[in-house]
Amino acid sequence: MANDKDLNTSEKYYKHLSYNDRCNLQKLISQRSSLNLKSIAEIIGKDPSTISKEVKRNRIFVINNYNRLSWANSVCIHMSECRKNNICGKICFNKLCKKCLQCTLKCPDFEERKCNKLSKFPWCCNGCSKLRQCHLNKYFYYADKAEIKYQENLRESRKGINLSESELIFIDSLITPLIRKGQSLEHIFATHADEIPCSIRTIYTYIEKQYLSPKNIDLRRKVKYKSRNINKNETILKRKAKIGRTYDDYINYINNNPNVDIVQMDTVEGIKGEPTLLTLHFVRFHFMLAFIIPNKKSDTIVAVFNYIQDVIGINEFKRLFPVILTDNGSEFCKPECIEFDPITGESRTRIFYCHPMSSWEKGAIESNHRYIRYYFPRGVSFAHLTQKDVNMMLSHINSTKRKSTDKCSPYDLAKVVFGESILDAFQIYQINPDDVILTPQLLK
């Protein structure tokens, strides 16, 4: 019971009033004869001080129009003893100024009479029994106007820079050279989170508003994606190679083996007809391997997998590549040659195919290809690349810390799961976070 009480008490704090709360407040303070501050606060579920401050901060001042002489006479606290005349310079035939409607505007000694009830909660005239007879200036609390004022204050509080000049200069000097190396803000924050005194969303805003040296064009991921159109009536072509290896078969296999690791396979072209990259993406921690191949023939793809087995052995091959998901490219038309050891015939992996024209079904590898495009935009040739160049590029890509990997790099996670000896066998090495380069300058 004590814990429940503490929980209910804590819910009153650190929560802004909603528009419904304000509507209830306006209604309740109009019932001042039956409800006090504490009762109103209990009904709304807020602390009494929160309710009191809300009314006092957002009440509306209303000036009374003195269209009757008796009202003008009584609005000044000096009215009863005042004997002034001719304040405005006009001849009024010995009439006292306090009997004129202009008295409150011209007299230098005018002091407004204020209602004593406004000096305590509810700080306004809502629900006052003497409202119709009162001719003093008034305060009212209206929920709609209070909400508008609240929203304006909220927007104003978020404007500008909530940092000192020295902090802003420090952030600029820290992130600018790293962004020019092609590093993403996620990677920078994962490495320097303790040094940067604001959130990553704030940095994006500062760049948007040009408070920092980098521009939006320097941030590769600051783009909008079009929504994908899925053709539900698509006909699946069941070729002989795909029997038992369709995407539906893949889903069933994953449902029956939920803990299995998935590797997605694809190719990345530079110029059609020239050397191509075969990419293998380990979905669980976004680790990627790539191999430069002279062409996109099926025998060339099979040769790469045989090479991988020769490097790490069949047992490690089976551990690293239990399931491979790929597209319907003709280069992947020999699944049996990939699935089985060419000498012993031992099963070493399972191959499955996405639906035709459905690249989003292996979206992880498609998304990760953007890192390769940082070095080689579309239409740039791979002809000059060696496997050593590819390994160096992959070392930098896999050393990039990301939000999706909880601010770790794919290399860090692969090292834990695979072991450093496997990564050494693939000639993939860890790069110091501040030395990561994701621009074409790396390979020049």
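Figures for the structure shown
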item: Residue list for the range 259-297, restricted to those being in contact with a Pro (Cβ under 7 Å, 6 or more places away or on another chain), part of a strand (DSSP E or B) and among the β-branched types (Val, Ile, Thr); result: Ile292, Ile293
item: Of the criteria (1) modelled with pLDDT under 90; (2) over 19 Å from the mean Cα position of the chain (by Cα), which one Thr205 fails; result: (2)
item: Criterion: out of contact with any Leu (no Cβ under 9 Å at 6 or more places or on another chain), buried (at least 18 other Cβ atoms within 10 Å of the Cβ) and among the small types (Gly, Ala, Ser) - qualifying residue of Ser359, Ser409; result: Ser409
item: From the options Lys297, Lys334, residue that is within 21 Å of His369 (Cα to Cα) and over 40 Å from the mean Cα position of the chain (by Cα); result: Lys297
item: Qualifying residue in the range 155-169 (condition: part of a helix (DSSP H, G or I), among the small types (Gly, Ala, Ser), at pLDDT 85 or above and under 22 Å from Lys407 (Cβ atoms)); result: no
item: Search result, residues across the range 366-406 that are surrounded by fewer than 16 Cβ atoms within 10 Å (Cβ to Cβ) and among the small types (Gly, Ala, Ser); result: Ser367, Gly379, Ser381, Ala383, Ser404
item: Cβ-Cβ under 6 Å pairs, at least 6 apart or on other chains, the range 331-347 side farther than 20 Å from Thr267 by Cβ, far side charged (D, E, K, R); result: Asp341/Arg348
item: Residue count for the range 196-214, restricted to those that are farther than 16 Å from Glu167 by Cβ and either touching a residue at least 24 places away in the same chain (Cβ under 8 Å) or not assigned by TED's automatic domain parsing to the domain that holds Gln183 (or both); result: 1
item: Of all residues in the range 330-348 being within 17 Å of Ala241 (Cα to Cα) and in contact with a Lys or Arg (Cβ under 7 Å, 6 or more places away or on another chain), the one that is surrounded by the fewest Cβ atoms within 10 Å (Cβ to Cβ); result: Phe340
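Condition check ((1) charged (D, E, K, R); (2) without any contact (Cβ under 8 Å) to a residue 12 or more places away in the chain) across all residues:
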position: Pro356; (1), (2): no, no
position: Gly379; (1), (2): no, no
position: Gln387; (1), (2): no, no
position: His396; (1), (2): no, no
position: Arg402; (1), (2): yes, no
position: Phe426; (1), (2): no, no
position: Val436; (1), (2): no, no
position: Lys444; (1), (2): yes, yes
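The values are calculated or read from the model by the stated rules, or taken from the named source; none is laboratory data. All values reported here derive from a predicted model rather than from experimental measurement. In this analysis, Cβ positions are derived from the backbone assuming ideal geometry, glycine residues included, and neighbour counts consider all displayed protein chains.
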